[in-house]
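A short worksheet on the structure shown next.
The values are calculated or read from the model by the stated rules, or taken from the named source; none is laboratory data. Just so it is clear, the model here is predicted, and its values are computed rather than measured. Note that each Cβ is placed from the backbone with ideal geometry, even for glycine, and that neighbours are counted across all protein chains shown.
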(Lines give C-alpha, C1' and ligand atoms only; values in the text may rest on other atoms or scores of the structure.)
Protein backbone atom coordinates (compact mmCIF):
# COMPACT_ATOMS: atom_id res chain seq x y z
CA UNK A 1 0.00 0.00 0.00
CA UNK A 2 1.33 3.46 -0.93
CA UNK A 3 2.41 5.79 1.88
CA UNK A 4 0.61 8.83 0.49
CA UNK A 5 -2.43 8.20 -1.68
CA UNK A 6 -4.73 10.83 -3.08
CA UNK A 7 -7.70 10.09 -5.32
CA UNK A 8 -10.01 12.31 -7.29
CA UNK A 9 -8.96 15.61 -5.71
CA UNK A 10 -10.88 18.53 -7.15
CA UNK A 11 -10.56 22.18 -6.14
CA UNK A 12 -12.56 25.07 -7.61
CA UNK A 13 -12.17 28.71 -6.66
CA UNK A 14 -14.59 31.57 -7.16
CA UNK A 15 -15.38 32.29 -10.77
CA UNK A 16 -15.38 28.57 -11.64
CA UNK A 17 -11.57 28.46 -11.71
CA UNK A 18 -10.70 24.78 -11.38
CA UNK A 19 -7.23 24.58 -9.85
CA UNK A 20 -7.27 20.76 -9.61
CA UNK A 21 -9.31 18.42 -11.77
CA UNK A 22 -9.81 14.88 -10.44
CA UNK A 23 -6.15 14.43 -9.44
CA UNK A 24 -4.89 11.03 -8.24
CA UNK A 25 -1.42 10.15 -7.00
CA UNK A 26 0.51 7.52 -5.01
CA UNK A 27 3.83 8.17 -3.24
CA UNK A 28 5.90 5.43 -1.59
CA UNK A 29 7.46 5.68 1.86
CA UNK A 30 10.93 7.22 1.72
CA UNK A 31 10.46 8.44 -1.85
CA UNK A 32 11.69 11.79 -3.15
CA UNK A 33 8.71 12.67 -5.32
CA UNK A 34 8.63 15.88 -7.35
CA UNK A 35 5.66 17.66 -8.89
CA UNK A 36 6.77 19.86 -11.77
CA UNK A 37 4.79 22.16 -14.00
CA UNK A 38 4.41 25.74 -15.21
CA UNK A 39 3.09 28.64 -13.19
CA UNK A 40 -0.61 28.26 -12.28
CA UNK A 41 -0.59 24.51 -12.97
CA UNK A 42 -2.00 23.81 -9.48
CA UNK A 43 1.21 22.65 -7.76
CA UNK A 44 1.06 24.84 -4.65
CA UNK A 45 -2.68 24.29 -4.32
CA UNK A 46 -2.11 20.54 -4.19
CA UNK A 47 0.45 20.87 -1.38
CA UNK A 48 -1.81 23.20 0.61
CA UNK A 49 -4.70 20.75 0.32
CA UNK A 50 -2.53 17.85 1.51
CA UNK A 51 -1.37 20.02 4.43
CA UNK A 52 -4.94 21.03 5.27
CA UNK A 53 -4.32 24.74 4.64
CA UNK A 54 -6.87 24.62 1.80
CA UNK A 55 -10.11 22.64 1.77
CA UNK A 56 -10.96 20.20 -1.00
CA UNK A 57 -14.23 20.04 -2.97
CA UNK A 58 -13.98 16.31 -3.70
CA UNK A 59 -11.55 13.43 -3.29
CA UNK A 60 -9.61 11.65 -0.58
CA UNK A 61 -6.17 11.91 1.04
CA UNK A 62 -4.67 8.93 2.88
CA UNK A 63 -1.31 9.33 4.65
CA UNK A 64 0.45 6.51 6.50
CA UNK A 65 -2.80 4.51 6.56
CA UNK A 66 -4.92 7.36 7.95
CA UNK A 67 -7.67 9.19 6.09
CA UNK A 68 -6.68 12.81 6.68
CA UNK A 69 -8.98 14.39 4.09
CA UNK A 70 -10.92 16.41 6.65
CA UNK A 71 -8.39 16.50 9.49
CA UNK A 72 -7.13 19.76 10.98
CA UNK A 73 -3.60 20.67 9.79
CA UNK A 74 -2.10 19.93 13.23
CA UNK A 75 -3.44 16.37 13.08
CA UNK A 76 -1.98 15.48 9.68
CA UNK A 77 1.64 15.07 10.86
CA UNK A 78 3.08 16.89 7.84
CA UNK A 79 5.62 19.69 7.41
CA UNK A 80 5.23 22.33 4.68
CA UNK A 81 7.95 24.79 3.69
CA UNK A 82 6.50 27.62 1.62
CA UNK A 83 8.29 29.30 -1.28
CA UNK A 84 8.72 32.61 0.54
CA UNK A 85 11.14 32.39 3.45
CA UNK A 86 9.41 33.46 6.67
CA UNK A 87 11.79 33.47 9.63
CA UNK A 88 10.99 35.23 12.91
CA UNK A 89 13.14 38.39 12.65
CA UNK A 90 13.42 38.79 16.43
CA UNK A 91 14.49 35.18 17.07
CA UNK A 92 18.00 33.88 16.53
CA UNK A 93 18.81 30.87 14.36
CA UNK A 94 18.45 28.46 17.28
CA UNK A 95 14.98 29.67 18.27
CA UNK A 96 13.79 29.79 14.65
CA UNK A 97 14.69 26.13 14.19
CA UNK A 98 13.40 25.20 17.64
CA UNK A 99 9.99 26.84 17.23
CA UNK A 100 8.04 23.67 16.25
CA UNK A 101 9.60 21.77 19.16
CA UNK A 102 8.76 24.56 21.57
CA UNK A 103 5.17 24.65 20.30
CA UNK A 104 4.96 20.89 20.87
CA UNK A 105 6.27 21.40 24.43
CA UNK A 106 9.32 19.19 23.94
CA UNK A 107 11.78 19.23 26.84
CA UNK A 108 14.60 21.78 26.78
CA UNK A 109 17.27 19.06 26.71
CA UNK A 110 15.66 17.35 23.72
CA UNK A 111 15.25 20.68 21.91
CA UNK A 112 18.95 21.43 22.42
CA UNK A 113 19.97 18.03 21.07
CA UNK A 114 17.67 18.08 18.04
CA UNK A 115 18.33 21.67 16.98
CA UNK A 116 22.09 21.22 17.09
CA UNK A 117 21.86 17.93 15.17
CA UNK A 118 19.79 19.57 12.41
CA UNK A 119 22.10 22.60 12.36
CA UNK A 120 25.12 20.32 11.83
CA UNK A 121 23.31 18.46 9.03
CA UNK A 122 22.49 21.71 7.21
CA UNK A 123 25.80 23.42 8.08
CA UNK A 124 24.21 26.33 9.94
CA UNK A 125 25.86 25.75 13.35
CA UNK A 126 27.47 29.20 13.14
CA UNK A 127 24.08 30.90 12.75
CA UNK A 128 22.40 29.65 15.92
CA UNK A 129 23.24 32.77 17.98
CA UNK A 130 22.62 35.27 15.15
CA UNK A 131 19.47 37.05 13.96
CA UNK A 132 18.06 36.40 10.44
CA UNK A 133 18.97 39.89 9.18
CA UNK A 134 22.62 38.81 9.27
CA UNK A 135 22.01 35.66 7.18
CA UNK A 136 22.64 35.35 3.45
CA UNK A 137 19.79 34.15 1.24
CA UNK A 138 21.10 30.60 1.23
CA UNK A 139 21.59 30.65 5.00
CA UNK A 140 18.03 31.86 5.53
CA UNK A 141 16.74 29.00 3.39
CA UNK A 142 18.83 26.44 5.30
CA UNK A 143 17.46 27.66 8.62
CA UNK A 144 13.90 27.55 7.23
CA UNK A 145 14.51 23.98 6.07
CA UNK A 146 15.85 23.13 9.53
CA UNK A 147 12.65 24.41 11.10
CA UNK A 148 10.64 22.21 8.70
CA UNK A 149 12.50 18.99 9.51
CA UNK A 150 13.39 19.34 13.20
CA UNK A 151 10.05 17.91 14.36
CA UNK A 152 9.63 14.48 12.71
CA UNK A 153 6.59 14.28 10.44
CA UNK A 154 5.05 11.66 8.18
CA UNK A 155 5.63 13.84 5.13
CA UNK A 156 7.93 16.76 4.30
CA UNK A 157 6.55 19.07 1.59
CA UNK A 158 8.70 21.74 -0.06
CA UNK A 159 7.02 24.38 -2.24
CA UNK A 160 9.55 25.82 -4.73
CA UNK A 161 12.13 26.37 -1.96
CA UNK A 162 14.95 27.43 -4.31
CA UNK A 163 13.09 29.82 -6.62
CA UNK A 164 14.32 33.08 -5.07
CA UNK A 165 17.99 32.07 -4.78
CA UNK A 166 20.87 32.70 -7.15
CA UNK A 167 22.22 29.88 -9.34
CA UNK A 168 25.24 29.03 -7.18
CA UNK A 169 23.16 28.67 -4.02
CA UNK A 170 20.47 26.65 -5.86
CA UNK A 171 23.06 24.12 -6.99
CA UNK A 172 24.50 23.84 -3.46
CA UNK A 173 21.07 23.38 -1.89
CA UNK A 174 20.03 20.76 -4.47
CA UNK A 175 22.92 18.70 -3.18
CA UNK A 176 21.87 19.41 0.42
CA UNK A 177 18.33 18.20 -0.28
CA UNK A 178 19.64 14.97 -1.77
CA UNK A 179 21.96 14.48 1.21
CA UNK A 180 19.09 15.20 3.61
CA UNK A 181 16.91 12.64 1.87
CA UNK A 182 19.64 10.02 1.88
CA UNK A 183 20.54 10.49 5.54
CA UNK A 184 17.03 10.80 7.00
CA UNK A 185 14.99 8.56 4.68
CA UNK A 186 12.24 11.19 4.89
CA UNK A 187 9.32 10.97 2.47
CA UNK A 188 9.55 14.22 0.49
CA UNK A 189 7.00 15.84 -1.80
CA UNK A 190 8.80 18.57 -3.69
CA UNK A 191 7.20 21.19 -5.94
CA UNK A 192 9.06 23.15 -8.60
CA UNK A 193 8.68 24.66 -12.06
CA UNK A 194 12.40 24.03 -12.70
CA UNK A 195 12.92 20.86 -14.71
CA UNK A 196 16.61 20.68 -13.74
CA UNK A 197 15.66 20.45 -10.06
CA UNK A 198 13.06 17.80 -10.88
CA UNK A 199 15.34 15.69 -13.06
CA UNK A 200 18.40 15.85 -10.80
CA UNK A 201 16.83 15.09 -7.41
CA UNK A 202 13.76 12.90 -7.88
CA UNK A 203 12.98 9.22 -7.60
CA UNK A 204 9.83 9.95 -9.58
CA UNK A 205 8.26 12.99 -11.20
CA UNK A 206 4.65 14.00 -11.82
CA UNK A 207 4.11 16.60 -14.57
CA UNK A 208 1.13 18.80 -13.71
CA UNK A 209 -0.56 21.01 -16.30
CA UNK A 210 -3.75 23.02 -15.85
CA UNK A 211 -4.81 21.01 -12.82
CA UNK A 212 -4.23 17.54 -14.30
CA UNK A 213 -1.29 15.14 -14.35
CA UNK A 214 0.09 14.69 -17.84
CA UNK A 215 2.49 11.91 -16.80
CA UNK A 216 4.01 10.22 -13.75
CA UNK A 217 7.27 8.29 -13.97
CA UNK A 218 11.00 8.21 -13.29
CA UNK A 219 13.17 11.03 -14.67
CA UNK A 220 14.35 8.70 -17.46
CA UNK A 221 10.77 7.75 -18.38
CA UNK A 222 9.64 11.36 -18.41
CA UNK A 223 12.56 12.43 -20.60
CA UNK A 224 12.92 9.52 -23.00
CA UNK A 225 9.30 8.41 -23.35
CA UNK A 226 7.04 11.43 -22.80
CA UNK A 227 3.33 10.71 -22.76
CA UNK A 228 2.11 13.93 -24.35
CA UNK A 229 3.25 16.86 -26.43
CA UNK A 230 3.12 19.04 -23.33
CA UNK A 231 5.61 16.81 -21.48
CA UNK A 232 7.87 16.56 -24.55
CA UNK A 233 7.99 20.32 -24.87
CA UNK A 234 8.20 21.11 -21.15
CA UNK A 235 10.98 18.67 -20.24
CA UNK A 236 14.30 19.12 -22.01
CA UNK A 237 16.59 22.04 -22.79
CA UNK A 238 16.05 22.61 -25.67
CA UNK A 239 12.71 20.78 -25.80
CA UNK A 240 11.93 17.85 -28.07
CA UNK A 241 11.45 18.64 -31.77
CA UNK A 242 7.98 17.70 -33.02
CA UNK A 243 7.98 17.08 -36.78
CA UNK A 244 4.71 16.81 -38.68
CA UNK A 245 4.62 13.87 -41.07
CA UNK A 246 2.53 11.23 -42.80
CA UNK A 247 2.95 7.56 -41.94
CA UNK A 248 2.79 5.01 -44.75
CA UNK A 249 3.45 1.29 -45.07
CA UNK A 250 6.27 0.70 -47.56
CA UNK A 251 7.81 -2.70 -48.27
CA UNK A 252 6.59 -4.09 -44.97
CA UNK A 253 7.79 -1.24 -42.78
CA UNK A 254 6.37 2.02 -41.52
CA UNK A 255 7.90 5.18 -42.98
CA UNK A 256 7.53 8.76 -41.76
CA UNK A 257 7.53 11.35 -44.54
CA UNK A 258 7.66 15.05 -43.77
CA UNK A 259 8.70 18.21 -45.55
CA UNK A 260 12.45 17.76 -45.95
CA UNK A 261 12.86 14.25 -44.50
CA UNK A 262 11.96 10.59 -44.91
CA UNK A 263 12.81 8.11 -42.15
CA UNK A 264 11.76 4.53 -41.39
CA UNK A 265 10.24 3.61 -38.01
CA UNK A 266 11.50 0.21 -36.93
CA UNK A 267 9.53 -1.84 -34.44
CA UNK A 268 6.32 0.21 -34.45
CA UNK A 269 3.32 -1.99 -33.67
CA UNK A 270 0.73 0.50 -32.46
CA UNK A 271 -2.26 2.12 -34.08
CA UNK A 272 -1.26 4.37 -36.98
CA UNK A 273 -2.83 7.80 -36.34
CA UNK A 274 -4.66 9.72 -39.06
CA UNK A 275 -2.64 12.85 -38.36
CA UNK A 276 0.85 12.12 -37.13
CA UNK A 277 4.12 13.64 -35.99
CA UNK A 278 7.39 12.26 -34.67
CA UNK A 279 9.43 13.53 -31.72
CA UNK A 280 13.22 13.88 -31.90
CA UNK A 281 15.41 15.18 -29.10
CA UNK A 282 17.87 17.94 -30.22
CA UNK A 283 20.90 15.91 -29.11
CA UNK A 284 19.71 12.98 -31.26
CA UNK A 285 20.03 15.02 -34.48
CA UNK A 286 23.36 14.69 -36.31
CA UNK A 287 24.67 17.63 -38.34
CA UNK A 288 27.46 17.95 -40.92
CA UNK A 289 28.67 20.27 -43.64
CA UNK A 290 28.24 17.59 -46.30
CA UNK A 291 25.67 14.92 -47.11
CA UNK A 292 26.56 11.53 -45.61
CA UNK A 293 24.73 8.29 -44.90
CA UNK A 294 24.11 9.59 -41.37
CA UNK A 295 23.09 13.10 -42.50
CA UNK A 296 20.98 12.79 -45.68
CA UNK A 297 18.54 15.68 -45.12
CA UNK A 298 19.33 19.14 -46.49
CA UNK A 299 18.65 22.12 -44.26
CA UNK A 300 19.79 25.62 -43.42
CA UNK A 301 21.21 26.98 -40.15
CA UNK A 302 19.37 30.25 -39.43
CA UNK A 303 20.61 30.92 -35.90
CA UNK A 304 23.20 29.62 -33.42
CA UNK A 305 23.01 29.85 -29.63
CA UNK A 306 26.48 29.51 -28.14
CA UNK A 307 26.15 28.25 -24.58
CA UNK A 308 29.71 27.54 -23.48
CA UNK A 309 30.22 23.78 -23.51
CA UNK A 310 27.65 23.28 -26.28
CA UNK A 311 25.74 25.14 -28.95
CA UNK A 312 22.19 24.93 -30.28
CA UNK A 313 21.58 25.25 -34.00
CA UNK A 314 18.22 26.50 -35.28
CA UNK A 315 17.86 24.59 -38.54
CA UNK A 316 15.24 25.17 -41.20
CA UNK A 317 14.31 21.69 -42.43
CA UNK A 318 11.74 21.99 -45.21
CA UNK A 319 8.97 24.17 -43.73
CA UNK A 320 9.81 23.25 -40.14
CA UNK A 321 12.33 24.71 -37.69
CA UNK A 322 14.21 22.21 -35.52
CA UNK A 323 16.76 22.49 -32.73
CA UNK A 324 20.07 20.62 -33.00
CA UNK A 325 22.38 20.39 -30.00
CA UNK A 326 26.09 19.91 -30.74
CA UNK A 327 29.38 20.38 -28.91
CA UNK A 328 30.85 23.89 -28.91
CA UNK A 329 33.69 23.00 -31.33
CA UNK A 330 31.45 21.18 -33.83
CA UNK A 331 32.43 21.70 -37.51
CA UNK A 332 29.02 23.28 -38.16
CA UNK A 333 29.56 26.57 -36.41
CA UNK A 334 28.06 29.22 -38.64
CA UNK A 335 24.83 30.06 -40.40
CA UNK A 336 24.24 28.56 -43.82
CA UNK A 337 23.68 25.17 -45.48
CA UNK A 338 23.77 22.06 -43.30
CA UNK A 339 22.95 18.36 -43.59
CA UNK A 340 21.03 16.62 -40.83
CA UNK A 341 20.14 13.08 -39.87
CA UNK A 342 18.03 11.37 -37.21
CA UNK A 343 16.09 8.20 -36.58
CA UNK A 344 12.43 7.85 -35.66
CA UNK A 345 11.85 5.80 -32.51
CA UNK A 346 8.55 3.88 -32.31
CA UNK A 347 7.75 5.32 -28.87
CA UNK A 348 8.05 8.84 -30.28
CA UNK A 349 5.15 8.62 -32.73
CA UNK A 350 2.52 11.26 -31.91
CA UNK A 351 -1.20 11.28 -32.59
CA UNK A 352 -1.54 14.92 -33.66
CA UNK A 353 -5.31 14.89 -33.03
CA UNK A 354 -4.99 13.97 -29.33
CA UNK A 355 -1.53 15.37 -28.54
CA UNK A 356 -0.54 12.00 -27.05
CA UNK A 357 2.30 9.69 -27.98
CA UNK A 358 0.91 6.42 -29.32
CA UNK A 359 3.09 4.36 -27.00
CA UNK A 360 2.45 6.14 -23.71
CA UNK A 361 5.18 5.95 -21.06
CA UNK A 362 4.21 3.66 -18.21
CA UNK A 363 3.63 5.47 -14.96
CA UNK A 364 3.43 3.62 -11.67
CA UNK A 365 0.14 5.08 -10.56
CA UNK A 366 -2.12 2.05 -10.42
CA UNK A 367 -4.62 3.32 -7.86
CA UNK A 368 -7.31 5.67 -9.15
CA UNK A 369 -9.87 5.08 -6.40
CA UNK A 370 -9.37 4.49 -2.72
CA UNK A 371 -11.53 2.92 -0.07
CA UNK A 372 -12.40 5.06 2.91
CA UNK A 373 -10.04 4.55 5.83
CA UNK A 374 -11.56 4.09 9.29
CA UNK A 375 -8.61 5.20 11.39
CA UNK A 376 -9.17 8.65 12.91
CA UNK A 377 -6.94 11.70 12.34
CA UNK A 378 -5.38 12.02 15.78
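Table for the structure above
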{"read-out": "Condition met for residue 26 (out of contact with any helix residue (DSSP H, G or I) (no Cβ under 7 Å at 6 or more places or on another chain), under 24 Å from residue 183 (Cα atoms) and assigned to a strand (DSSP E or B))", "value": "yes"}
{"read-out": "Entirely in segment 183-242, the helices (runs of 4 or more DSSP H) that have 2 or more residues that are farther than 25 Å from residue 306 by Cβ and modelled with pLDDT of 95 or more", "value": "219-224, 229-234"}
{"read-out": "Counted residues, segment 273-323 - those being closer than 18 Å to residue 258 by Cβ, touching a helix residue (DSSP H, G or I) at 6+ places or on another chain (Cβ under 9 Å) and part of a strand (DSSP E or B)", "value": "6"}
{"read-out": "Answer from 114, 48, 21 - the residue that is touching a strand residue (DSSP E or B) at 6+ places or on another chain (Cβ under 6 Å) and surrounded by fewer than 21 Cβ atoms within 10 Å (Cβ to Cβ)", "value": "21"}
{"read-out": "Segment 227-239, subset surrounded by 13 or more Cβ atoms within 10 Å (Cβ to Cβ) and out of contact with any strand residue (DSSP E or B) (no Cβ under 6 Å at 6 or more places or on another chain), residue farthest from residue 324 (Cα to Cα)", "value": "229"}
{"read-out": "Selection status of residue 242, in contact with a helix residue (DSSP H, G or I) (Cβ under 7 Å, 6 or more places away or on another chain), under 26 Å from residue 325 (Cβ atoms) and assigned by TED's automatic domain parsing to the domain that holds residue 325", "value": "yes"}
{"read-out": "Selected residue (criterion: surrounded by the fewest Cβ atoms within 10 Å (Cβ to Cβ)) from residues of segment 246-260 that are outside any loop (DSSP other than H, G, I, E, B) and free of Cβ contacts under 8 Å to residues at least 60 places away in the same chain", "value": "249"}
{"read-out": "Qualifying residue in segment 36-58 (condition: within 24 Å of residue 232 (Cα to Cα) and in a strand (DSSP E or B))", "value": "yes"}
{"read-out": "Residue in segment 324-331 that is in contact with a helix residue (DSSP H, G or I) (Cβ under 9 Å, 6 or more places away or on another chain), buried (at least 19 other Cβ atoms within 10 Å of the Cβ) and in contact (Cβ under 8 Å) with a residue 60 or more places away in the chain present", "value": "yes"}
{"read-out": "Check on residue 272, touching a strand residue (DSSP E or B) at 6+ places or on another chain (Cβ under 7 Å), at pLDDT 95 or above and on the phi < 0 side of the Ramachandran plot", "value": "no"}
{"read-out": "Test: residue in segment 133-154 that is more than 17 Å from residue 87 (Cα to Cα) and in contact with a strand residue (DSSP E or B) (Cβ under 8 Å, 6 or more places away or on another chain)", "value": "yes"}
